[in-house]
Every structure is written in structure tokens, then in C-alpha cells.
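Notes follow the structure.
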Amino acid sequence: MAEKGGNKLGVSPDERCAIGISFGNSYSSIASTIDDSPVVIANEDGDRQIPTILSYIDGEEYTGNQAKAMLIRNPSNTVVSFKDFLGQDFKSIDPTHCHAAAHPEDVSGTVSFKIQDKGEKEASTLSVSEVSTRYIRRLVQSATDYLGKKVTSAVIAVPTNFSKKQREALVKAANDADLEVLQLINEPIASVLAYDARPEAKLEDKIIVVAELGGTRSDVAVVASRGGLYTILATAHDYEFAGVHLDKVLMDHFAQEFMKKNPNVDPRENARSLAKLKAESEAAKKSLSIGTNANFSVESLAEGIDFQMTINRLRYETIARKVFDGFNRLVEGVIKKAGLDVLDIDEVILSGGTSHTPRIASNFRSLFPDTTTIQAPSTNPNAINPSELQPRGAALQASLIQEYETEDIEQSTHAALTTVKHITNAIGVICVSDDGTETFTRIIAPETAVPARRTVHVAAPKDGGDVLVKIVEGGTHIKVTKPEPKAKDNSAKDEDDSDFDDSEEEEEEHREKVWKIGTTLAEAAVKGVKEGGKVEVTINVANDLSATITTREVGGKGGVRGNLKPA
Amino acid sequence: MAATTTVTRSLPALPEGWSADKDFKPITKITASSQRTIEPVGPHFLAHARRARHKRTFSEDDRIQAQESAKKIEKDDESDESEPEDPMMLQREAKDWKSQDHYQVLGITKYRWKATEDQIKRAHRKKVLKHHPDKKAAQGSSEDDSFFKCIQKATEVLLDPVKRRQFDSIDEKADVEPPSKKESGKNFYKLWSRVFKAESRFSKQQPVPMFGDANSTKEEVDNFYNFWYNFDSWRTFEYLDEDVPDDNENRGQKRHMERKNANARSKKKAEDNARLRKMLDDCSAADERIKRFRQEANAAKNKKKNDKEAAEKKAKEDARLKKEAEEKAAKEAEEKAKVDREANKKAKEAAKTAVKKNKRILKGSVKDANYFASGDATAAQVDAVLNDVDLIQGKIDPDEIAALAGKLNGLKVADEIKGVWSGEVKRLVGAGKLKDGEAKSLV
Ligand SMILES: Nc1ncnc2c1ncn2[C@@H]1O[C@H](COP(=O)(O)OP(=O)(O)OP(=O)(O)O)[C@@H](O)[C@H]1O
């Protein structure tokens, strides 16, 4: 999806210094690959999550946390939460998150901000494109300073529902900041790539749910990962349950506590108090991701009154439950939209700042079966920092394509290459289990893009001999077993009274995924297999869904080979 | 994909008699696929692109064509059409949120309790884009944000599952009034179906059995009424609570209000249960299916009874007839036996007489033949001939006697008579009944 115009700057591959950028409404990050491994770069303030904020005071420009601090003193010259406005007309933007900062304005349809960027005398009207350019320029400068080399190019991660117009506007804003955009990639895919590029990662066919829980929005995608190729099966976007809503829960809580001591002084009713309340609430929220207690302390919160209190994590999780439940429903909803079940999900990647929250990860843990990996810091010590997934993925992609000619990138990412047939049903081979029942063993997963080639080694019957290789299609269904109403077990009663506590849980029905054997595609015979031998089966599906099946004894000579006609 | 998976479960043995050309038997094609977009990201994609592209270049047209054939993942929000906004509604104040129709505020009255969370969120976003006060201010109109607050309140209620149920519990606009007797006449099933469909939103147990139509089976109808007479409803009436004072000063007052609310809720709940019960009573009373099933059941019951009686009667009659027949047969058999016996006796007597008569003929014949003597027969001659006649008579049965008598009857010439006798003796000797030389006098 290289957008037209990305090459306006005419940077040649050998001049390039490319980085990855995650450009959010709340925070942005920059990353580069150093010796093939991605590193998220800290800006001059030492921040790796750089608030996406641009602020002016006395003609001086500030970004990141310095700009964020201005929200208290100088909100009207501080621009926040503008990224989604790129490429949109005024009619279709949601200005909610700009309320306590510079308000977006309608300049003949173009979203703009009136900012005193040259001192106090006059105000300029800055389009959202101009604001973005200025902000991106600062990001690039930080990267250049860190790398000691002029950054010329970038891969930028964008939400999957970013429209063509928004993508074009982002590329333009970057180009205006002298930054060549090598490619815009979808945020969930950047996160998946960050995990898949780890040296210890195994190339496996799996279904991944990527939950990107950010500041102002939550985006969830169901991704089929097949032989390292990624296909998005479904997405959901949510603006009602995100980081700011957790901030809001804490703001209300602290405000109410404050008002218990100071009746009739509501810190939410004064803009400056509100800004302080918000900043400190967000800080407390982040602390609660690490510790079990957080301190909330603001000097002169309202009417000159200082306020200090602590909150423990349990309390927080109780008052924020509605928001947490919202995340669960969002994830369940998108899985359903993909026509899948939680049992079909192999991995859940938690990405975005809000994904640091332990409770969200543990809620997902209980939503999914034990076999599903939940990639979050609190459930998996090897998980990658969720705030770094997108910039890392973008940097990895940048390093992969920076040597390409611009024309080549455009052609290689062309829709003619990305639009391909996907197999509908799984393809596999029939095996027999110990009790003699036939079972389906998957070789190629459903939703695999073609061409595709997969090989398995399957045991032959113990004594060897002639074996049947029966290639079939397979499907799954969810088998629900209601627990037998448990007869009171009196036998162990007097000895062991300890296990009556989990009776509630045992009432729950048991759900499992079972394979159904579908139509037979082909049969082949491998003859004279040695005792204890194994049989290799390779299926190669071509673009037109014709297939070649080869099978032979592992280590044996010759073998059987046959073709299936195109579908 | 280079890595090879290993499976420990084993392949089946080749069935006896399996054979195929080159040991491979193709059977069907792979099921048709869908076009999807793979993400142009990662080393494996680049390898794919290299292979697939093979120095080819693609035009913008190719792009458009390819994109059109791909399955759409992102849905544009434009797709749901907006409901017109009632100007009166736009005048609302958020403080009156209790009386506001949250679905109307978000423009999703056509869904109401059926609206999915996703639909509510999208509806909210659309309203925010339109009514955000900062936008209105930026466009120079008044900074009145009261309707925007109504929107926020509606969303807050509808996105909170607990609050949403409280609101849905009292959302009268989602109610479907039960039809009156008159109305329900022709459209009985259609109208009542709607009523129960609306009512089913309160069911803890989902899915809820359908009302069905005239063709529903008895089992379906029974199942339906059983379900509804045991309806487990989550409907609550908190939403109609009177405000409880928030301050701590007036604890007594607060507790009083809380108690009042709790009472009001349970009263309303009881009324609601009674309403549902009455509705079910009304519906079932007018339900032709139930009447029909009852009639059918009665008819079936009567039929059974009648059938049983008829069967009993028939059995009795059958038994009677059988007995009569048996008696008659016995009597007939007896009579026949008697007749037979008599006939038998007569025949035997007749046979005896016949034998006597025939014997007389036999003896008469030898007498007529003068005992085969020329001149007067001596007593010895007579004796010998009569002894031999007796001998022969003793060897042959009455039929043979009759036959012999037949041959002899009317014969007067001695030689002819002798001829017959000697023939008879010869016959008997031939049959081994007489020894050669016996009955000499007759030869
Ligand atoms: N350690 C933490 N624990 C909890 N929340 C955190 C933590 N770190 C960051 N956040 C929250 O994550 C949110 C920012 O997420 P992220 O950095 O992914 O932003 P973003 O991509 O710009 O999001 P969006 O575009 O949706 O606004 C903020 O609400 C922030 O408070």
C-alpha cells in the first residue's frame, strides 16, 4: 500500500536512512533497526512514548511531554489528538479529545487550529496537515539526533480503517517534513511482525487477535498468519472504551474524594483544575500497571487546595470494571465477526499503551482457553512492551524495503500481488488413533493464501507395510458437553472435605474444537514401509487451486506423485 | 514454509484390494476459495511478491480491479441511514435524561433492544460528529450543548449492560400490545407472535420458543406455553425509582426513600408477572390450536372408548358364533357318524347277503353241472366238488366271489361251468393262493 506521492522526494536507496514510526492520536514513537533488531528511540527528553502534542509559547515550539505540560498553563495554543483528522473534512471529525486544548476549526471544510505560534501578538491558522508536518519534523529530528545520521525515510503504521484520503494526507504531511514514506502499514500487522521477527519465533500457522488499546481508540483485528503471510479476517474499531476512559474513571474518583473533604469545590468544573486532575490521573493509572498502589498528589488542585491520596489496584479495577468489560466484549465481537470462536484463537497480542494494564490481560486470559497465548507483560514475561510493538514492526519493515527502488516498492506492494485466493477449508490427511477411529490431521490451514506448500511427516502403522494416504478437506465445529449432574460423591467424604469449593466452576459446560472429516480429495498408497517408519506428505496448492500431492517414506526412494485439477 | 511438522498418530494400513494407476487416485477438486488481501509486510510477503511479480509491472487499473475482487474487511459507516431528528427532541435537557428515549436520541429506534453494541457505538459516533458543541461553536452557532449531553447520557446508559437492561425494562416503545379479540381474528398468529417476540427480550433463557402458527404441532404449542407460564424474566423497575437524596445529613429520609423504592419495584415486578400471566391466559383461551388439540384429544379418547366397546362386543359375538358353529359341527358330525354307521351296517348286511347269494350261485353252479359227473354223481364226487368250492370260497374275497358268481350266473352247460371253475382255480394257483393240485375236482 505505498501511497502515490511517497516518492516525491526522490531519495535513492543508497542515500536512505529509514526508521519506523508509530503515529498515534495520543503518543508517537520512533524506532530503528540496529544490527537487525529493532530499537525504540528516546527523544531528547528521554521519552520513548512521545505525546503527540504540539504547543507554542512565546513563539517557541514544544512537543512531547513538554508540550503536554502546557495543557495546564496554555491549552489554547496546544494541539492534541489531531492525527485522525488528517484527510478528513470538518464535518466528519470528532473533536471530543481536543476540548481541553486548541479547538479544531472549520476553514472551508479543512480542519484547522488557530494558534499563536509566533508570540502573543498574532495567531496563525494552521491546517491539521501543517500541524502534523511540524510534529513529524520533530520526530524525525529526534531520530536523526539519536542515529547521528539524517533520517530520510520511514515506514508509518496506521489504523486499518484509515481511509485512502487519510493515508494520502499523512504521506503528504510527512513529505512536507522532508520525510519519504516508504510504506504505510496496518498497525496490527506491525505488531504481529514485531513478534514474528524475534529470533526465537517459530514460523507457525496461527490465528492471532491483535488488540490495540490506545488512548482515544481501541482497534482489534483478527489476523490469519500462514507461512509468514498475514491476512486480516475482521476488524473492529471502538471509540468508547480506551485509555482516556480509564483516566476519566480515576478523575471522577479523585474528584469525588476531593469533594468529600471540600464540599462544593468540584475540580472538574475549572479548566485548569481539570487539566491537573487529568494529568495526575493518567500518571496514577500508569503506576497501577506496575505497582499495587499509586499515589495521587497535586499541588493546588482547585482553589489553592492541595490534594493527596493513594489508591490501590483492587479499588481501581473495581471502579474501572465497566471499561474493562467493554474491552472483553469488543474482542468477543470481532472474533464472532470473523466467523470464529475463542477456541480458534492461537494467540492474543496486546498492543498499545493501555495494554500494560494487568487486569485487561487477565480478563483476556480467562476469556480464552489455556492453549491460547496471551502476549502481555503481566501474563507472559517474554512479551514485548506493548507500547513498542508498532514502532518496532514499522522499523523492521523499513529495514526490509529500504534497499528497494521506490518504483519497486510500489510495484511489490501492488494490489495485483496482495489480492490472492485463500483456501476455504483445511486440507489434511486421515490418521487412525489408538482406538481405531479415523481422525483428521491438518496439513494446510483454512484461510491460507495460495500458492502454498506444506509438508508433514506422519507415522506409519507400527509394523510398517503398505499404507493409505487419504487427502481430505476438514472443518471444525465446537462441541459443547454439558457436565453430568454430579452425583454426590460420598466415598471420599469423611477424609477429604476440601474440594467442595470449586463446585460452581464444575457446573460450567465444556467446549472443545473438533475436526470434521470433509470430502476426500485424493488417495495414494505408499508401499512397503519399514517397521517404525514415517511417511512424508507434501501438498502444493497453486494459484488456480490445482494441487500436487507427493508422498513417500521418509528416507525412502521414489514415492508417489499426483495432481488435482484446478477448482 | 520450510518447517515440517511431525504427527505421531499413524496412517491407516492400505485396505485389501486397493489399487490405482501409479498408486494415486485423484477424487475431487479443492473447494472454491475467496479472494482476500494479504498484507504487504514482512520477509515472507516480499518473497511472495518477488515470485509473483517476476519483473512484471502493474497499472492503476490492475490495482482497482484487484481491490474490487477482494473481500471487504472495513465497512464504511455511511451504510446505515440516519433517522430524521425530531426538533422537539433537540430541545431536550440532559437533566431530564430519565424520561428521554435513548434510542431515539441516538437515532436507532428501528433497532431498540435489538441494537448491537457495535450499532450503538456507531450511532453515537455519528451523533457526536454532528452535535459536538465545540464543532458548533467553531462554526459560529450557539454553544448550547444540552442535546449533546443527552447524546452522552444515552450512550452511557446503552453501553452499560446493567443500565441498558434497566432502560429496556421500561422502554414502552418496544412493547407490542396484545391484540384485542376483534383484531386477532384473522391475524391471530401474526399479531400474537409479535407480542411474544417483544416480550421475549426479558427472558433470561435464550432462545425463546416461537409462537408458531396454525400448523404448529401439539408438542410445539405445549412447549411454548410451558415456557411462557414458567417465564424467567430479568425485567426490573429500578429505572422508575424516585431519586434518593445524596447527602449524608438526612439519613432517615434516605432510608425511607430506599425502602419506598424497593417496595415500588417489587410491586411493579409482581404486576408485571400478573400482566404476563393474564396475557398468556387470554392468548391461550383464544388459541384455536389448543381448542383443536383438545377436541382431537377428546375425539381420540372417545374413539378409543368406542373402539374398545365395539371390540368387546365383537369378541363376545365372535365367541358366541364360534361356540354355535362348534356345536353345530359336533352335532352334524355325530349325525353323520350315525348315518355312516347305519349305512355301513346295511352295506355289510347287503354284502353278506350278496356273498350268501353268490355262494349259493357257486354251489348252484356245480349242482347245475351235476358235480361234473357223467350220470349221477356219487356222494364222494359231490363232497369233493363242494369241498373244493368251499376251499376256493375261503381263499377269495367277496368281490372275487361276486365276479365268479357273475361269470357262472346263467350258465347251464356243465362244460362251460367247469371251464369257469377251472379258470378260477388256475388264476388262484397263478396268484399263489392255491397250491397246484388243490381243488382238483374243479379242474
Ligand atoms: N503503563 C501504562 N499503563 C496503563 N496505561 C498506559 C500505560 N502507558 C500508557 N498508557 C495509556 O495508553 C494510552 C496511549 O496508548 P498508545 O500509546 O497506544 O496511544 P495511541 O496509539 O496514540 O492511541 P490513540 O491513537 O488511540 O489515541 C494512554 O491512554 C496512556 O495513558
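Reported count of residues in region B:201-222, each being exposed (fewer than 11 other Cβ atoms within 10 Å of the Cβ) and not in a loop (DSSP other than H, G, I, E, B), is 1. The residues in region A:537-549 that are part of a strand (DSSP E or B) and open to solvent by 40 Å² or more (accessible area, probe 1.4 Å) can be counted, and the count is 1. Exactly one residue out of A:Asp252, A:Asp238 is within 14 Å of another protein chain (Cβ to nearest Cβ) and either away from the ligand (no atom under 15 Å from the Cβ) or hydroxyl-bearing (Ser, Thr, Tyr) (or both), and it is A:Asp252. A Cβ distance below 7 Å, combined with a sequence gap of six or more or placement on separate chains, defines the contacts here; from region B:323-338, residues that are assigned to a helix (DSSP H, G or I) reach no residue that is open to solvent by 100 Å² or more (accessible area, probe 1.4 Å). From the list A:Gln390, A:Gln375, the lone residue that is away from chain B (no Cβ under 14 Å) and under 15 Å from the mean Cα position of the chain (by Cα) is A:Gln375. Please determine whether any residue of region B:33-47 is open to solvent by 50 Å² or more (accessible area, probe 1.4 Å) and part of a loop (DSSP other than H, G, I, E, B). Checked against the condition, which is being open to solvent by 50 Å² or more (accessible area, probe 1.4 Å) and part of a loop (DSSP other than H, G, I, E, B), region B:33-47 yields no hits at all.
Among residues of region A:281-296 that are in contact (Cβ under 8 Å) with a residue 12 or more places away in the chain, those with a beta-carbon under 8 Å from a residue that is of a type in the set (Asp, Glu) and open to solvent by 30 Å² or more (accessible area, probe 1.4 Å) at least six positions away or on a different chain give the pairs A:Phe296/A:Glu280. Does region B:128-142 contain at least one residue that is open to solvent by 70 Å² or more (accessible area, probe 1.4 Å) and more than 10 Å from chain A (Cβ to nearest Cβ)? Yes, the conditions are met somewhere in region B:128-142.
Residues that are at pLDDT below 90 and touching a strand residue (DSSP E or B) at 6+ places or on another chain (Cβ under 8 Å), at least 2 per element: which helices (runs of 4 or more DSSP H) completely within region B:65-172 meet that?
Working: elements: B:87-90, B:102-105, B:117-131, B:133-138, B:146-158, B:161-169.
Ranges flagged: B:133-138.
Considering only region B:416-443, how many residues are open to solvent by 70 Å² or more (accessible area, probe 1.4 Å) and touching a Phe, Trp or Tyr at 6+ places or on another chain (Cβ under 9 Å)? Of the residues in that region, 1 qualify. Only residues that are out of contact with any Asp or Glu (no Cβ under 7 Å at 6 or more places or on another chain), of a type outside the set (Ser, Thr, Tyr) and in a strand (DSSP E or B) were counted in region A:285-328, giving 10.
Each residue in region A:86-100 was checked for being open to solvent by 10 Å² or more (accessible area, probe 1.4 Å) and either away from chain B (no Cβ under 12 Å) or within 14 Å of the ligand (Cβ to nearest atom) (or both), and 4 of them qualify.
Determine whether region B:46-63 contains at least one residue that is in contact with a Gly (Cβ under 7 Å, 6 or more places away or on another chain) and either of a type outside the set (Val, Ile, Thr) or more than 7 Å from chain A (Cβ to nearest Cβ) (or both). The answer is no, given that none of the residues of region B:46-63 is in contact with a Gly (Cβ under 7 Å, 6 or more places away or on another chain) and either of a type outside the set (Val, Ile, Thr) or more than 7 Å from chain A (Cβ to nearest Cβ) (or both).
Beta carbons closer than 7 Å, at least 6 apart along the sequence or on distinct chains, pair a first residue in region A:20-47 that is over 20 Å from A:Ser351 (Cβ atoms) with a second that is outside any strand (DSSP E or B) and not aromatic (Phe, Trp, Tyr) for A:Asn43/A:Gly64; A:Asn43/A:Ser142; A:Glu44/A:Ser142; A:Glu44/A:Asp145; A:Asp45/A:Gly64; A:Asp45/A:Asn65; A:Asp45/A:Gln66.
I'm checking my understanding of the structure. Among residues of region A:53-70 that are within 15 Å of the ligand (Cβ to nearest atom) and touching an Asp or Glu at 6+ places or on another chain (Cβ under 9 Å), which one is nearest to A:Val131 (Cα to Cα)? It comes out as A:Leu54. Of all residues in region A:161-205, those being polar (S, T, N, Q), within 14 Å of the ligand (Cβ to nearest atom) and surrounded by 21 or more Cβ atoms within 10 Å (Cβ to Cβ) number 2.
So which of A:Val151, A:Val220, A:Val131 is buried (at least 21 other Cβ atoms within 10 Å of the Cβ) and within 14 Å of another protein chain (Cβ to nearest Cβ)? I'd like the intermediate steps shown before the answer.
Details: A:Val151 fails: within 14 Å of another protein chain (Cβ to nearest Cβ); A:Val131 fails: within 14 Å of another protein chain (Cβ to nearest Cβ).
Just one listed residue meets the conditions, A:Val220.
Filtered by the rule that a residue be open to solvent by 50 Å² or more (accessible area, probe 1.4 Å) and among the aliphatic types (A, V, I, L, M), region A:280-304 gives a lone residue, A:Ile290.
Does any residue of region A:33-52 turn out to be within 16 Å of the ligand (Cβ to nearest atom), of a type in the set (Gly, Ala, Ser) and buried (at least 18 other Cβ atoms within 10 Å of the Cβ)? No, region A:33-52 contains no residue that is within 16 Å of the ligand (Cβ to nearest atom), of a type in the set (Gly, Ala, Ser) and buried (at least 18 other Cβ atoms within 10 Å of the Cβ). Output the residues belonging to region A:349-368 that are more than 16 Å from the ligand (Cβ to nearest atom) and open to solvent by less than 30 Å² (accessible area, probe 1.4 Å). A:Phe368 - this is the single residue of region A:349-368 that is more than 16 Å from the ligand (Cβ to nearest atom) and open to solvent by less than 30 Å² (accessible area, probe 1.4 Å). Within region A:431-449, can you find the residues that are at the interface with another protein chain (Cβ under 9 Å from one of its Cβ atoms) and under 25 Å from the mean Cα position of the chain (by Cα)? Those that are at the interface with another protein chain (Cβ under 9 Å from one of its Cβ atoms) and under 25 Å from the mean Cα position of the chain (by Cα): A:Glu447, A:Ala449. Picking from residues in region A:386-400 that are in contact (Cβ under 8 Å) with a residue 40 or more places away in the chain and surrounded by fewer than 24 Cβ atoms within 10 Å (Cβ to Cβ), the one that is farthest from the ligand (Cβ to nearest atom) is A:Ser399. Applying the set (1) farther than 20 Å from A:Ile427 by Cα; (2) open to solvent by 10 Å² or more (accessible area, probe 1.4 Å) to A:Ala234 leaves exactly one unmet item: (2).
The values are calculated or read from the model by the stated rules, or taken from the named source; none is laboratory data. Here the structure is a predicted model, which is why all the values come from computation and not from measurement. In this analysis, Cβ positions are derived from the backbone assuming ideal geometry, glycine residues included, and neighbour counts consider all displayed protein chains. Surface areas here come from the heavy atoms of the whole protein model, side chains and all, with no ligands, DNA or RNA. Shrake-Rupley method; radii C 1.70, N 1.55, O 1.52, S 1.80 Å.
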